[in-house]
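One structure is given below, encoded as C-alpha cells.
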Amino acid sequence: MMKSLLFSTHPTPPLLPAPRLRSLLRLRASSSSASASAPPRAARRSPRPAPSRRPPSSSLYARPSLLDMERERAARRADVDAFLASLGVDPGELAGFELPVTVDVMRERAEFLASLGLTREDLAAYPLALGCSVRKNMVPVLDYLGKLGVRRDALPDLLRRYPQVLHASVVVDLAPVVKYLQGMDVRPNDVPRVLERYPELLGFKLEGTMSTSIAYLVGIGVARRQIGSVITRFPEVLGMRVGKIIKPFIEYLEGIGVQRLSAARIIEKKPYVLGFGLEDKVKPNIEALMEFGVRKEALASIVMQYPDVLGLELRDKLVTQQSLFESSILVSHDDFGRVIERMPQAINLGRTAVLKHVNFLTACGFMLSQVSKMVVACPQLLALNMDIMRMNFEYFKNEMERDLEELVEFPAFFTYGLESTVRPRHEMVSRKGFTCSLAWLLNCSDARFDERMKYDTIGVEEMEAEESSDMNAFLEEVESEEEEYSDYDDSDDEFVR
C-alpha cells in the first residue's frame, strides 16, 4: 500500500521520443503544412514565363530609340515635302531648313500667305516665306505695317518685292527705319506710301547707304527742308550709292553746263531723275538731242526746263516729231533744233494738237511760211489753250487794229492774259497817245511798264533795244517757269501761260 501511495504521489513522467523519431515528426509536420498551402499539382507544373528585359510599350517610362525617332522625323518631312511639291515649291530649296513637323501647320502657312494675295508662283520664287510662323513672324509684322497705314491692297506687291520682311523683327528691324524716315521730315502720313513704293528700305542699315546719300545731296545744295519731300517722292534715293550713281550723275550734268546748284534745284523738284540710268539713258539722250540740231550750249537750258527729257525713249520721239514738224509746219532740221531748245516739251506734243493749232493760225490769215517762223520763235503756240488764243486774236484784230506782221514778229503775244495784261496796257498806251511795238508793250514787268507810263515820249533807242531782246527775255521767263510745262505728255492737253 505504501508502495502504491508513493507511485500516486510521484507520477512517472511521459516518455520522450528518441532523436531519430523527433526528426521524422518534424519532417512530417513541415510536409503537411506545405501541402495545405500549395497550388494544384497541374498548376505547379506549368512553365513560368521568361523575364522580359524591356518594359511593355504602354509603360510611362518607355523611350523610342534614336533610330526610331529619326525614321519618324524623316517620314513626316517626306509628307511635308510632298505637300510643298503640290504647291509648285521645290522642296530642295528648303533642304536643311527647319520646317513644321506636320502638313497641317504647313498648309496653314500656305493658306495665310494666299490670303495676303501671294500666288503659287510667288511662293515658288521665295519658298523661305513658308519657313515663317504665322503667329510668331507674319502676324506681328503685318499688324505693325497695318498700324503704320500700309494699305491692304498694297501688301501683295510689297511682299513680292521684299518678302524678307516676313522674317524681320518689328523692334530691331522695322521700327528704327520708320523712326529714321520721320527724322528726315517724312510726314507720318507719307511713311506708308514710302514703304509701299520702296519696301527694300526695311532691310537697310541706317548707318550705311541711307545716311551717305542724304549727306551728299545736302552737300551739293539740296535744301535740308526739302529732304523729306525728296524721300517721299523718290525713296529709291536712299538705296543709291553716292560714288557709283549720284555723284557721276551730278558731274555729268555739270559737264553739259548745268551748275551744281541748278542740279540741286532739279533734284528738289524732280528727284526721280536720279533713277535715269546715266549710261543707258541720260548720255544717249543728250547725244540724240545734238544729232537733231540742238546746240551744245543749249543743253543745260533744255535739262533745266524739262528734266524728264533725260529719261525718255528720246530718239524715236525725235524722229517722229521732226517728221511732223517738217511736213506740217515746214520747219527745217536746224529750226527743229531751235524749237526743242526753246520748248523741249514739244517732243511730246501729239499730232492732233500740232495740227489743230496750225489750222487755227492759218485760219487767222497767216501763211504757212509765217506760221513756221512764229512756231520757231515761240513753240508754245502749239500748246496754248485755244480759247485764250482766240480771244487774244479777236482783241488784236478788232480793238488794237494792228497788222498781222506784228504777230509774226512777236508771236508771244498769244501767251499773255487778255484781261490781266493785254487790255489794260493797251488802253493806258492809247490814252498816252504812244505808238509802240507789241514787244515794248508786253515784254516787261508791271513795275517796269508803270515806269514807262511816266514818259512823255518813247525813245527810239529804247524801242530797238526792247525789240532785239524781247524773245530772249521771254524765253528766260519761260525757263524759270519749268514746273508749268513739266507734266506735258503725249496727250492733246493744253496749257495757259
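Computed from the coordinates by the stated procedures, all read-outs in this text should not be read as laboratory data. Note that the structure is predicted; figures quoted are calculated from it, not measured. Positions of Cβ are generated from backbone atoms using ideal geometry, with glycine treated the same way; all protein chains shown enter the neighbour counts.
The figures follow:
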item: Two-decimal ratio, region 79-131, of alpha-carbon radius of gyration to 2.2 N^0.38 Å; result: 0.99
item: Inter-probe distance in nm under a simple model that places probes 7 Å from Cα toward Cβ, at Lys454 and Ser323; result: 5.8 nm
item: Table column - 3J(HN,Hα) (Hz), region 308-315, Karplus curve with 6.51, -1.76, 1.60, x for Gly and Pro; result: 4, 4, 5, x, 6, 7, 6, 4
item: Contour minus Cα-Cα distance for Val218 and His333 (0.36 nm per residue); result: 37.3 nm
item: Fully extended contour minus Cα-Cα distance, from Asp173 to Ser86, at 0.36 nm per residue; result: 28.0 nm
item: 15 Å cut-off, amide nitrogen to a point 7 angstrom out along Glu401 Cα→Cβ, residues in region 411-438; result: 427, 430-431, 433-436
item: Cβ-based exposure ranking for Lys205, Lys373, in which fewest neighbours within 10 Å come first; result: Lys205, Lys373
item: Principal axis box of region 357-467, alpha-carbon based, largest edge first, Å; result: 41, 27, 22
item: Net length gained if the chain between Lys296 and Thr362 were fully extended (0.36 nm per residue, minus Cα distance); result: 20.4 nm
item: Sequence-distant lysines (8 or more away, or on other chains) whose Cα lies within less than 28 Å of Lys281; result: Lys244, Lys247, Lys269, Lys270, Lys296, Lys317
item: Nitroxide proxy distance, nm - points 7 Å out along Cα→Cβ at Val103 and Thr421; result: 7.7 nm
item: Residue exposure sequence - Cys378, Cys444 - by fewest surrounding Cβ within 10 Å; result: Cys444, Cys378
